[in-house]
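Each remark here refers to the structure printed beneath this line.
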Amino acid sequence: MMAWVYYESNKYDSAINMADSFVKNHPENELVPYALYLKAMSYYERIFDVERDTKMTLKAKEAFENLIYRFPNSEYSRESKLKIELARSNLAGSKCYRKILPKTKSFFCSNKRYQRVITEFETTDQTPEALLRLTECYLSLGH
């Protein structure tokens with residue numbers, strides 16, 4: 001499968017295009033779950049740290065979710081679930097990263113951001129950090 005060749009060569013856009021083409025042209029093929037996995041991994045490999053744009057993180061998460069939705073019992077489901085949790089942790093981290101806001105006295109925005117991390121990403125390792133930062137916001141506001 002050409003998607004694998006591109007993926008192994010770190011040509012992720014080409015891998016995604018080839019995986020999409022394969023799925024479109026061979027929807028009943030037994031390698032469709034693998035093609036979807038390669039597509040998701042091609043997004044996942046381009047996730048950087050929490051300081052950067054989260055577009056690839058969101059795309060990776062959606063691609064893994066699509067794979068699980070379409071093929072819940074595939075050999076890639078377990079790994080996909082793990083990658084989804086890691087992507088969610090990265091998304092939560094990107095919300096917590098903006099620790100600059102309390103320093104600029106924008107406590108209200110920070111407060112809302114940390115509350116969102118706690119409610120939407122409660123199972124990630126970013127929740128304790130968000131709770132700490134939320135407490136700092138409340139203390140700074142005199143609560």
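Just so it is clear, none of the values below were taken in a lab; they were calculated from the coordinates. Quick caveat: nothing in here was measured; it's all calculated off a predicted structure. No Cβ is skipped: glycine too gets one built from the backbone with ideal geometry, and neighbour counts run over all protein chains shown.
Values as computed for the structure displayed
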quantity	calculated
The stretch 16-86: projected area of the alpha-carbon convex hull, averaged over directions, in nm²	4.5
Rough spin-label spacing in nm, given labels placed 7 Å along Cα→Cβ, for Phe48 and Thr135	3.3
Of Lys55/Lys83; Lys83/Lys112; Lys11/Lys81; Lys81/Lys112; Lys24/Lys55, those spanning more than 20 Å from alpha-carbon to alpha-carbon	Lys83/Lys112; Lys11/Lys81; Lys81/Lys112; Lys24/Lys55
Contour excess over end-to-end distance, with Cα ends at Asn17 and Arg70 and 0.36 nm allotted per residue	17.2 nm
